[in-house]
1. Would you grab the residues whose amide H sits under 5 Å from the one on PHE232? Only those 5+ places off in sequence or on another chain, please, with H modelled 1.01 Å from N.
2. So, with +1 on the Cβ of K and R and -1 on the Cβ of D and E, and no other charges, what is the size of the charge dipole of segment 219-351 about its Cα centre, to the nearest 20 debye?
3. Take the eigenvalues of the Cα gyration tensor for segment 59-135, scale each by 5, and report the square roots as semi-axes in whole Å, largest first.
4. Assuming R0 = 25 Å, can you tell me the calculated FRET efficiency for the pair CYS259 and VAL324, based on Cβ-Cβ distance, to the nearest 0.05?
5. The chain: Rg/Rh from Cα coordinates, Kirkwood Rh?
6. Of the residues ALA295, ALA326, ALA81, which exhibits the maximal mean-square fluctuation in a Gaussian network model of the chain defined by a 10 Å Cα contact cut-off?
7. So how do 313-319, 327-333, 101-107 stack up, highest first, on mean other-Cβ count within 10 Å?
8. Just the ratio, please: alpha-carbon radius of gyration of segment 1-94 over 2.2 N^0.38 Å, N its number of residues.
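A short reminder: the numbers here are calculations on the coordinates, not readings from a lab. Only a predicted model underlies this, so the values are computations on that prediction, with no experimental measurement involved. When we count neighbours, we look across all protein chains shown, and the Cβ atoms used for this are built from the backbone with ideal geometry, even at glycine.
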Amino acid sequence: MALQNEAQDDWFERFKEFCMVNPILMGTLTSVVFLIVCWTIRDSLKIKDVREKYVFITGCDSGFGNLLAQRLHKRGFGVIAACLTEKGSQDLKACTSPALRTVILNVTNPRSIANAVEYVASETGKKGLFGLVNNAGRATPIGPTDWLDMEDFHRVLDVNLIGLIEVTLKFLPLLKKAQGRVVNVASVMGRLAFGGGGYCLSKCGVESFSDSLRRDMQYFGVKVSIIEPGFFKTGVTSLDVIEKDLNRLWNRLAPEVKCSYGDKYFDKYLKIQRLSMNTFCDADISKVTNCMEHALIARYPRTRYGAGWDAKLFWLPLSYAPAVVADKMLKLILPRPLGSKRVLSKNQVDV
Ligand SMILES: *[C@@H]1O[C@H](CO)[C@@H](O)[C@H](O)[C@H]1NC(C)=O
């Protein structure tokens, strides 16, 4: 006992000495550790009862939405999974149980949205809707900007942004009733735009819409979270779909535009895209659904969730870097058109 006290006194003496020498450093360190511990505890607190709480998820045919529906169903939430296709809905029901409800939803069709709202209102009754997960989305057409026309932009924006806004507006009365939560799926490409087309615009729009929504809805107890996944293997990043659509874009290009890129550009573009997608795309999509689950189950959901190591360590930090740094990095990754300044001047020198 006496020995222990002595050892303790010794340790305490040395600690006191250290603090006396570095009071500011010690104060700062202690505060930082204290804040991290407090934040971690706060972040791990959960809501009490999950049963009798209803969550509506869009885009459940495959990918994040499909896995999230199964996960939340297992946890005991009342899950209403919206699928685009009848087949998607049947497959999801087949691997869960009849207690999981599904509804067919095309987010670009106002009548379809109205139907879904009516169904959810009747299922949830007086309780209202606890969670709305806006997950439905598409990436194609995506490619160099001067390969695209307005129709290409509309096709993505109508689903990812306009559709998401309309679904949210129509469900807000039910969400306010339950003091519920909105979870919107954006992307790292909403923070750092590269690859032309509606995708980056739509995801940037989702970030902005979600920020306004969060600030407007805080008075009603409705919370809003944004998920920012990096690259994951899902239907959205399917190379088959993206390459097929790129073929369509390349084949319809006017001869002078094709000429400015050069014959070899298209094949190089596909090769580099294949290589980078195969390197970057993570097959473990539960990293994304874990964030979505936290946003629904935590007592204090976070405002933003970066999902995946590429998002946390590369894309999101790069989005804070000066534009010139991001431009140089992306230039290293993407192929160079034949008509680019450097190639032209090199050719001139060669001649
Ligand atoms: C979704 O609705 C839009 C607008 O009504 C329609 O053009 C499109 O074909 C529909 N998509 C599917 C997959 O049903």
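1. Long-range HN contacts for PHE232: ASP282.
2. Numbers: 21 positive and 13 negative charges, 56 e Å.
Computed charge dipole of segment 219-351: roughly 260 debye.
3. Values: eigenvalues 62, 52, 23 Å².
Equivalent-ellipsoid dimensions as semi-axes: 18, 16, 11 Å.
4. 0.25
5. 1.09
6. ALA326
7. Those peptides, ordered most packed to least, come out 101-107, 313-319, 327-333.
8. That works out to 2.14 for segment 1-94.
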